[in-house]
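The values are calculated or read from the model by the stated rules, or taken from the named source; none is laboratory data. Note that this is a predicted model, so its numbers are computed, not measured. Using ideal geometry, Cβ is built from the backbone for each residue, glycine included, and neighbour counts are taken over all protein chains shown.
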Amino acid sequence: MARSLKKSHAAGWGNLPGFAPTMGYTLLCLLVVVLVPLSTLFFKAATLTLDEFVGAVAAPRVLASYRVTFGAALLAAVTNAFFGVIVAWTLVRYRFPGRRILDALVDLPFALPTAVAGITLAGIFASNGWLGKVLEPLGVKVAFTPVGIWLAMVFIGLPFVVRTVQPVLQEFDREAEEAAACLGGNRWQICTRVVFPLMFPAVLTGFTLAFARAVGEYGSIVFIAGNMPMVSEITPLLIITKLEQYDYAGATAVAVVMLLVSFMLLLVLNLLQKWSRRYAEQ
Amino acid sequence: MSIEIENVSKRFGAFAALEDVSLSVPSGELVALLGPSGSGKTTLLRIIAGLESVDEGKVLLNGEDASLHDPRHRKVGFVFQHYALFRHMTVFDNVAFGLSVKPKRTRPGKEVIRSKVFDLLKLIQMEHLWDRYPSQLSGGQRQRVALARALAVEPQVLLLDEPFGALDAKVRQELRRWLRQLHDEIHVTSVFVTHDQEEALEVADRIVVMNRGKVEQEGTPSEVYDHPANPFVFDFLGKVNLFHGRIDNGVAQLGGVRLPASGSSSGTDGSAVGYVRSHDIDISRHGSGSDAIAAQVRGVLRVGPLVRVDLLHAGGEQLEVDLSRDAADRLALQVGEQVFVRPRNVRFFVNDYQI
């Protein structure tokens, strides 16, 4: 007993049992599910020469698709962060009839097949749809424009922010707010200096998840985007198009770039996340 | 600033947290609200702070109706049991918070805030920890920061909700002595809530004993300890032994002995209960006189500076007696041995009051 304690201490892993099997499972899981499929992407892309690779990933039409995808995804994540916080706040802080139903509705975008969402959104916002009919005379075109892409991304990303912020608000230390009030803080100061900073890490997590989801979204967007090259064509669609033309290497090259950009952005967001929680116990 | 509470009642659903409570705290005093959990003491404190509204009655701060003001204008400092520090802020920012949220007209400059915060950190002996986050501090340090934060805005009333409840015994004792000294220095009217009678007796100028939403007794520590108004107060402050018996014509019959019932709460006859503190009972081996009660030693336990003796007296009731080590050593009591107990300072309450 004493010897095994000493040994695990020397290894620096504490003495919680079960490290070997759980770590083994974690590695196996990540290897089979994430790393192996993704690495074949790199192998496939590596069959291209450098010139071919650059030609495939930096063609004007491809560059435009990056802008549309990442731009719309960022905007959608920002929108979701804002409205998601309001929805979470409403659900946690107020008691009203129908709250449970509203709470359940939040998860619907998770469960709905994305194609259904895309078709429904396109139907509503088309020039002869319910909302399209109202918006079009005002000069706002949603369906078959980049705005439609943004809208679809907002739809599929909303639950992420709500579901990450909600538990944090539920567990929130109300006494911190009361303390701030006793110290003379007004409602606005309490929100900006106490409530929001404490909520920020959760909002950032929700933002990151919503963003990642939006970047990878395909099913709902293709129905509402219009898919005009250079204007409203997203990168995932471009990859599919290339596959349909049997340009496997070109498709994987674009996929690799998308993967790297996503990874970099997620890494930055995670670092930001860590920074925003610098006060927490180690 | 003085605090007047006039006929305050508060209900939470069907539960009456406070029933017609009146209380006055003169300016500059340190008052303890003492009671078991659920007695309404925290609710009363939160009502004074304005964190809770009253259903009936009034709270006057300095003679002015406080219900006109929300918490941020009441000039009260509130210290929470679990500190309620802003955990995303450093110690410095926590203490500076109250000053930095003041309206622009009255907000002191950055340098003034800085020097004031450091003065307070010096007061709580934590200047060197100014850039730590609350998660990096011990419980006692966190509570001191919470106190400094409350004092920063120069409150006219300091309210503390079980301020030492979450701390371990040693730190608790240090901190409450420190609080007493601090109060002697700055003389801010203070009210603190506690369920620990020792804490209340040691720290407070006055003690308000509460039970079931009502004030049972109010007075100086020695008044409430030495002259409890009713069985509840007697029982709640310190250990107590009960002798069940009768009072007839001013003489009490308890466990086969007769005692003059001078300490009766009322002059009436009837079945009565005698209350004796555990340190107000003498034990001897010789039973002389009519006031000695035969008893059997059931257990002897050394508890720190005291020796606790469990006895069963002739009337069939359990007794718990605290002896000093010296007295216990002289007696050298053996478990099972027959002795005689002689209660001093018996208080009688005629049985119309159930506890």
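A few remarks follow.
- Residue count for segment B:130-173, restricted to those that are closer than 17 Å to residue B:85 by Cβ and more than 14 Å from chain A (Cβ to nearest Cβ): 7
- Residue check, residue A:187 among the basic types (Lys, Arg) and either in contact with a Gly (Cβ under 7 Å, 6 or more places away or on another chain) or crowded, with 21+ Cβ neighbours inside 10 Å (or both): no
- Assessment of segment A:191-207 against the conditions (aliphatic (A, V, I, L, M), under 20 Å from the mean Cα position of the chain (by Cα) and more than 30 Å from residue A:178 (Cβ to Cβ)) yields no matching residue.
- Breaking point among (1) away from chain A (no Cβ under 14 Å); (2) over 22 Å from the mean Cα position of the chain (by Cα); (3) of a type in the set (Lys, Arg), for residue B:41: (2)
- The selection criterion, being hydrophobic (A, V, I, L, M, F, W, C), away from chain B (no Cβ under 14 Å) and within 28 Å of the chain's Cα centre (by Cα), holds for residue A:131.
- Within segment B:44-53, not a single residue is assigned to a strand (DSSP E or B) and touching a Phe, Trp or Tyr at 6+ places or on another chain (Cβ under 9 Å).
- Qualifying positions in segment A:75-99 - among the aromatic types (Phe, Trp, Tyr) and in contact with a helix residue (DSSP H, G or I) (Cβ under 9 Å, 6 or more places away or on another chain): A:82, A:83, A:89, A:96
- Flag for residue B:123 being more than 14 Å from chain A (Cβ to nearest Cβ), at pLDDT below 90 and within 26 Å of residue B:50 (Cα to Cα): no
- Counted residues, segment B:64-87 - those being surrounded by fewer than 22 Cβ atoms within 10 Å (Cβ to Cβ), at the interface with chain A (Cβ under 8 Å from one of its Cβ atoms) and assigned to a loop (DSSP other than H, G, I, E, B): 3
- Flag for residue B:93 being facing chain A (nearest Cβ under 10 Å), farther than 27 Å from residue B:1 by Cβ and out of contact with any Asp or Glu (no Cβ under 8 Å at 6 or more places or on another chain): yes
- Scan segment A:211-254 for residues that are more than 23 Å from the chain's Cα centre (by Cα) and either part of a helix (DSSP H, G or I) or of a type in the set (S, T, N, Q) (or both) and the total you get is 8.
- Selection of segment A:179-189 for residues being out of contact with any strand residue (DSSP E or B) (no Cβ under 7 Å at 6 or more places or on another chain) and at the interface with chain B (Cβ under 9 Å from one of its Cβ atoms) yields A:180, A:181, A:183, A:184, A:185, A:186, A:189.
- Considering A:192, A:208, A:164, A:120, the condition of being more than 13 Å from chain B (Cβ to nearest Cβ), in a helix (DSSP H, G or I), free of Cβ contacts under 8 Å to residues at least 24 places away in the same chain and among the hydroxyl-bearing types (Ser, Thr, Tyr) is satisfied by A:120 alone.
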